Amino acid sequence: MNLSHTSRTAAVVAAATAIATLTGTYASASASAPAPGQSALSRSAAGQSVQAQAYGSAPYAWATRRGSTVGIYGIDMHGQSFTIGGTVRMALFSDSGPRGIPVWTKDAVARRITGRPGGAFDVRTGLLDCTAYGYAKDSTMMVWDIATDTWSNKVRVSTSCNDSLTR
């Protein structure tokens, strides 16, 4: 069989695309969390198109201070553009803790919330908002969309007054 140079190049490109697609699919099914900022799906062009179709934009998270009548303020986490019905894992990374290893995690389910694209959530973290007491922001919160193997943006928070995180 004598293939022209163009035909051989097309065959190689098709094989590479199939391998990249299979690799992205296998990696997204992995149960272990990727490092923040990495996504197995983002490693292949096919994975990026699947990711874009899942929620139309990158997962986005933000934190707010929960009000208090007794002077104890908490951190609430919010998010949008996650996989609807999928599990999201909030992870807190302390500036003074081990690099890349969360000191706190909590899971939630992303669901439809009016006015927000994709799957969304509103969660009481149970963590104190230490900026209310004059502490500087010393931790980073990120949310992992387990279904698409994608991390949200980084959200800076202050958790230095939370004794349970330092034990």
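The values are calculated or read from the model by the stated rules, or taken from the named source; none is laboratory data. These numbers were taken from a predicted model, which means no experiment stands behind them. Every residue, glycine among them, receives a Cβ derived from its backbone with ideal geometry; neighbour counts consider all protein chains shown. We work out accessible area using only protein heavy atoms, side chains counted, and drop any ligands, DNA or RNA first. Shrake-Rupley method; radii C 1.70, N 1.55, O 1.52, S 1.80 Å.
Some points to look at:
- With K and R counted +1 and D and E -1, the other residues having a Cβ less than 15 Å from that of residue 124 yield a net charge of -1.
- Ranking 160, 81 from most to least accessible surface, computed with a 1.4 Å probe over the protein chains only, gives 160, 81.
- Ordered by 1.4 Å accessible area with all protein chains kept, 112, 156 run largest first as 112, 156.
- Derived scalar couplings between HN and Hα for segment 67-75 equal x, 8, 9, 10, x, 10, 9, x, 9 Hz in order, rounded to whole Hz, by the Karplus curve 6.51 cos²θ - 1.76 cosθ + 1.60 (θ = phi - 60°), x for Gly and Pro.
- Under 5 Å between amide hydrogens, built in the peptide plane, is the criterion, and for residue 66 it picks out 74, 75, 76 among residues at least 5 positions away or on other chains.
- For residue 133, the solvent-accessible surface with a 1.4 Å probe is about 90 Å², rounded to the nearest 10.
- Probe 1.4 Å - accessible area at residue 163, Å² to nearest ten: 100 Å²
- Intensity falloff of segment 64-153 expressed as log10 I(q)/I(0), Debye formula with alpha-carbon point scatterers, at q = 0.18, 0.22 Å⁻¹: -0.84, -1.10
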